[in-house]
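Beneath this line is the structure, given in structure tokens, with notes to follow.
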Amino acid sequence: MIRNFIVHVGALALIGLSSAALAQQVKQGTAAEAKAMLQKTIAAVKANKAKALEMIAKGEGGFLDGDIYPFCFNISDGKVHPFPNPNAKALFGVDERTIKDAAGKNYGKEVFDAAQKPEGQITEVHYVFSRPGDTKPSPKVSFVTRIGDLGCGVGYYK
């Protein structure tokens with residue numbers, strides 16, 4: 001009986017360590033990398049909006065680098081387009097202005113408001129969000145701008 005208990009405790013510890021190791025395997029990006037990806041997003045959306053949104057949704061073409069990825073939404077209705085964070089699927093199609101973080105902060109309204117500013121103006125928005133590979137919310141800073149009829153941002157986790 002004691003042996004079975006020790007085996008179960010050991011197995012649970014390995015599972016816990018494996019989950020933590022998996023979460024830590026995702027490369028943590030920097031503010032500079034997030035800004036660079038935002039510039040890449042701007043160029044891609046201006047060149048071919050439909051193709052850019054498709055690549056962003058799939059995390060293809062360099063639109064997913066560790067825990068850095070772009071997100072976009074419509075300026076007209078706030079509808080969030082798919083982006084490559086598996087923890088965010090519930091947000092796809094939702095009005096950006098209604099999104100709150102785990103602490104209850106309505107950061108979605110701040111993100112939406114940032115995208116109402118003139119094109120080329122970049123605003124920082126601070127909130128908590130789950131990084132890819134981890135369900136625990138972490139502090140995040142997103143750089144948000146307007147690109148035509150879209151609002152887009154790229155953030156990094158602190």
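Bear in mind that the values in this text are calculations on the coordinates, not laboratory data. Note that the structure is a prediction, hence the values are computed from the model and not measured. Every residue, glycine among them, receives a Cβ derived from its backbone with ideal geometry; neighbour counts consider all protein chains shown.
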So which of Lys158, Lys105 ends up being farther than 22 Å from Ile75 by Cα and either over 11 Å from the mean Cα position of the chain (by Cα) or free of Cβ contacts under 8 Å to residues at least 24 places away in the same chain (or both)?
Lys158
Quick one: how many residues across the range 53-70 are surrounded by fewer than 17 Cβ atoms within 10 Å (Cβ to Cβ), among the charged types (D, E, K, R) and part of a loop (DSSP other than H, G, I, E, B)?
1
Filter the range 71-100 down to the residues that are closer than 18 Å to Ser138 by Cβ and touching a residue at least 12 places away in the same chain (Cβ under 8 Å), then identify the one that is surrounded by the fewest Cβ atoms within 10 Å (Cβ to Cβ).
Pro86
In the range 121-158, residues that are of a type in the set (Lys, Arg) and within 24 Å of Gly93 (Cβ to Cβ) total 3
Residues (farther than 26 Å from Gln25 by Cβ, without any contact (Cβ under 8 Å) to a residue 24 or more places away in the chain and among the polar types (S, T, N, Q)) located in the range 108-138
Thr123
